[in-house]
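Trainee: Pasting in a structure now, in structure tokens, and then I'll have a few things to ask.
The values are calculated or read from the model by the stated rules, or taken from the named source; none is laboratory data. Quick caveat: nothing in here was measured; it's all calculated off a predicted structure. Because the Cβ atoms are built from the backbone with ideal geometry, glycine has one as well, and the counts that use them run over all protein chains shown. Just so you know, the surface numbers come from the protein's heavy atoms only, side chains and all, with ligands and any DNA or RNA stripped out. Shrake-Rupley method; radii C 1.70, N 1.55, O 1.52, S 1.80 Å.
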Amino acid sequence: MNQVTRVLAIRHGETAWNVDTRIQGQLDIPLNETGRWQAERLAAAVADDELHALYASDLQRAHQTAQAIARATGLAITADKGLRERGFGSFEGHTYQEIEDRWPEESMRWRKRELDFSPGGVGESLRVFYERCVGTVARLAAAHPGQTIAVVAHGGVMDCLYRAASRLDLQAARSWQLGNASINRLLYTPEGFSLVGWSDTSHLDRGALDESNDRVGHAA
């Protein structure tokens, strides 16, 4: 039996807060006009992938992106809270600069990627977030051996999946893209994830915003 699951890991389209570099975390921000356009282009790009299932974060920026794919493929969306962006506590709603100005010590711990640091003491630590989102995608992929699934989520989730597939440490500096509406292709077996292709934005004829390379996709 073919145990390999093909996973299209997709970041949601652009939001106004992506443009403003404002931390969204688990705040429920919708797509902007560009993001809705990106979602339609994305949907056309994956329509021929013979998807068997479509999963999405329940936050509307991901769910709205998945809705475009649902229209193009006829698949129903299964929402899963395990695909949500990292919870950023008191950082949510603030720009990178505001965080640095208002909470310089916490900002430094965040930029250093301290594994057990929780923003504002109430957000998720990087370690907990990684285990939650990678575990969720592994669970979903394991339910579809020999099939292809799409998972629509957030920049932070994409970052964790890249690290899981590439066997990279959580504290390693990021050098890979996390573009809005990007398609990232992975394989899953019971042994874990492996990388096929990353940050495909060829379906967009204007650039997709990327998180700054010294960040973890946390505003996604």
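Trainee: Is the range 1-48 rounded, prolate or oblate when judged by the Cα gyration tensor, a ≥ b ≥ c being the square roots of its eigenvalues, rounded requiring a/c under 1.5 and prolate requiring a/b larger than b/c?
Mentor: Oblate, since a/c reaches 1.5 and b/c is not below a/b.
Trainee: So, by mean Cβ neighbours within 10 angstrom, what's the order for 162-171, 20-29 with the highest one leading? Don't skip to the end; give the middle numbers.
Mentor: Values: 162-171: 15.9, 20-29: 19.2.
Most protected by this proxy first, the peptides run 20-29, 162-171.
Trainee: Which percentage, to the nearest 5, of the DSSP beta bridges contained in the chain is antiparallel? Each step should come with its number before you reach the end.
Mentor: Values: 13 of 26 bridges.
If we restrict to bridges inside the chain, about 50 percent are antiparallel.
Trainee: Rolling a 1.4 angstrom probe over the protein heavy atoms, how many square angstrom per residue are accessible across the chain?
Mentor: Result: 42 Å² per residue.
Trainee: Hey, another quick one. How much accessible surface area, in Å² rounded to 10, belongs to the heavy atoms of Val122 with a 1.4 Å probe?
Mentor: Spelled out: Val122, probe radius 1.4 Å, area about 120 Å².
Trainee: What Kirkwood radius, in Å to one decimal, follows from the Cα pairs of the range 22-93? Display every interim value, and only then the final one.
Mentor: Working: mean 1/r = 0.0777 Å⁻¹.
Hydrodynamic radius (Kirkwood, Cα only) of the range 22-93 equals 12.9 Å.
Trainee: Whole Å is fine, so just give me how far the alpha carbon centre of the range 70-101 lies from that of the range 26-51.
Mentor: 14 Å
Trainee: Right, next: Any idea which of His144, Asn180, Ala56 is furthest toward the positive side of the dipole for the chain, if Lys and Arg beta-carbons carry +1 and Asp and Glu beta-carbons -1?
Mentor: Looking along the dipole axis, the top candidate is His144.
Trainee: Ignoring everything but the protein chains, give the 1.4 Å probe accessible area of Tyr96 in square angstrom, nearest 10.
Mentor: Tyr96 exposes around 30 Å² with every protein chain in place.
Trainee: If amide hydrogens are placed 1.01 Å from N in the peptide plane, which non-local residues have theirs closer than 5 Å to the one on Thr78?
Mentor: Under 5 Å from the amide H of Thr78 lie the amide H atoms of Leu54, Tyr55, Ala56, each far enough along the sequence or on another chain.
Trainee: Please report, as a whole percent, how much of the solvent-accessible surface of the chain comes from carbon and sulfur atoms (probe radius 1.4 Å). Present the calculation step by step, with values, prior to reporting the outcome.
Mentor: Working: 4350 of 9160 Å².
With neighbouring chains kept in place, the figure for the chain is 48 percent.
Trainee: At 0.36 nm per residue, minus the direct Cα-Cα distance, what do Trp176 and Asp20 gain on full extension? Give it in nm, one decimal, please.
Mentor: Numbers: separation 156, 0.36 × 156 = 56.16 nm, distance 2.10 nm.
Contour length minus the Cα-Cα distance gives 54.1 nm.
Trainee: Rounded to the nearest 500, what is the 222 nm mean residue ellipticity of the chain from helices alone, with -39500 (n - 2.57) per DSSP H run of 4+ residues and division by all residues?
Mentor: The helix-only estimate for the chain comes to -10500 deg cm²/dmol at 222 nm.
Trainee: First check a/c for the range 30-148, with a ≥ b ≥ c the square roots of the eigenvalues of its C-alpha gyration tensor; if it is under 1.5, answer rounded, and if not, answer prolate when a/b is larger than b/c or oblate otherwise.
Mentor: Working: a/c = 3.18, a/b = 1.72, b/c = 1.85.
The shape class here is oblate.
Trainee: What is the ratio of the Cα radius of gyration of the chain to 2.2 N^0.38 Å, with N the residue count, to two decimals?
Mentor: So the Cα radius of gyration is 0.95 times the expected 2.2 N^0.38 Å.
Trainee: Only four residue types carry charge here, +1 at the Cβ of Lys and Arg and -1 at the Cβ of Asp and Glu. Report the dipole size of the chain about the Cα centre in Debye, rounded to the nearest 20.
Mentor: In debye, rounded to 20, the chain gives about 360.
Trainee: Given axes a ≥ b ≥ c from the Cα gyration tensor, I'd like to know whether the range 82-190 is rounded (a/c under 1.5), prolate (a/b larger than b/c) or oblate. Walk me through the numbers on the way to the answer.
Mentor: On the way: a/c = 2.13, a/b = 2.07, b/c = 1.03.
Prolate is the answer for the range 82-190, as a/c is 1.5 or above and a/b outweighs b/c.
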